[in-house]
Amino acid sequence: MRKNIVVLYSGGLDSYILHHMAKVREPDANITCIFWDHEHTAGTAEKHALPDFVETRHCEWMSKVDGYFSKEGDPSGPIYIPGRNLVFAVLTACQYMPDEIWLGALLEEDHPGGTDKNGEFLKKTSDLLTYTLGPFVDKVTVRTPLVENKLTKLDAVKWALDN
């Protein structure tokens with residue numbers, strides 16, 4: 001049976017590279033790219049940049065979140081929607097029953113403060129999805145292949161050009 005991989009697609013360069021990596025590394029897999037339109041300001045620009053192969057799903061209730069949030073000590077400012085990747089992973093797993101869900105995080109995003117994309121998040125989310133969907137699929141693994149390959153943004157672009 002073919003492996004079923006869903007790439008959570010944001011519309012950015014990292015997502016495009018991740019989709020390409022899936023095709024190169026898993027040529028026999030069924031690969032689906034999903035963009036979750038959560039109707040926030042940043043999502044509008046992302047939605048218009050999507051390639052034709054990306055499916056759009058809607059999560060409009062997230063637009064009711066009162067703006068973006070800041071993390072204490074983070075100079076980036078109010079750019080976070082708490083738990084966004086968890087919501088997208090759960091919705092994706094329940095709708096697509098994939099073997100793997102790929103997130104486009106980079107090496108520099110894998111740290112204790114990255115609570116919706118670091119190693120601990122991936123393990124706990126994979127365990128929860130595997131348990132919950134156990135009657136329907138053997139295992140669901142949430143992965144960040146760019147992190148697994150120790151790729152920074154520059155390294156990811158170099159990988160894409162080489163492959």
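The values are calculated or read from the model by the stated rules, or taken from the named source; none is laboratory data. Just so it is clear, the model here is predicted, and its values are computed rather than measured. Positions of Cβ are generated from backbone atoms using ideal geometry, with glycine treated the same way; all protein chains shown enter the neighbour counts. Areas reflect the complete protein model, heavy atoms only, side chains present, ligands, DNA and RNA absent. Shrake-Rupley method; radii C 1.70, N 1.55, O 1.52, S 1.80 Å.
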Report task. Quickly run through the range 118-138 and pick out the residues that are open to solvent by less than 90 Å² (accessible area, probe 1.4 Å) and touching a strand residue (DSSP E or B) at 6+ places or on another chain (Cβ under 9 Å). Result -> Phe121, Leu122, Thr125, Ser126, Leu129, Thr130, Val137
Query - Inter-residue pairs, beta-carbon under 8 Å, first under 12 Å from Lys3 (Cβ atoms) and in the range 20-32, second open to solvent by 100 Å² or more (accessible area, probe 1.4 Å) and not in a helix (DSSP H, G or I), 6+ apart - result: Asp28/Arg2; Ala29/Arg2; Asn30/Arg2
Report task. Would you be able to say whether some residue in the range 106-116 is farther than 22 Å from Met21 by Cβ, open to solvent by 50 Å² or more (accessible area, probe 1.4 Å) and either part of a loop (DSSP other than H, G, I, E, B) or modelled with pLDDT of 95 or more (or both)? Result -> yes
Report summary line: Flagged in the range 37-53 as out of contact with any Ser or Thr (no Cβ under 8 Å at 6 or more places or on another chain), modelled with pLDDT of 85 or more and open to solvent by less than 50 Å² (accessible area, probe 1.4 Å), in numbering order, are Pro51
Report task. May I ask you to list the residues in the range 72-86 that are part of a loop (DSSP other than H, G, I, E, B), at pLDDT 60 or above and open to solvent by less than 70 Å² (accessible area, probe 1.4 Å)? Result -> Asp74, Ser76, Ile81, Gly83
Query raised in the report: Can you name the residue in the range 1-12 that is within 24 Å of Leu86 (Cβ to Cβ) and out of contact with any Gly (no Cβ under 9 Å at 6 or more places or on another chain) and is also surrounded by the fewest Cβ atoms within 10 Å (Cβ to Cβ) among such residues?
Result: Lys3
Query raised in the report: Does any residue in the range 133-161 that is in a helix (DSSP H, G or I) come within less than 7 Å, Cβ to Cβ, of a residue that is not aliphatic (A, V, I, L, M) six or more places away or on a different chain, and which pairs are these?
Result: Pro145/Trp102; Leu146/Asp14; Leu146/Gly104; Val147/Asp110; Ala156/Asp14; Ala160/His20
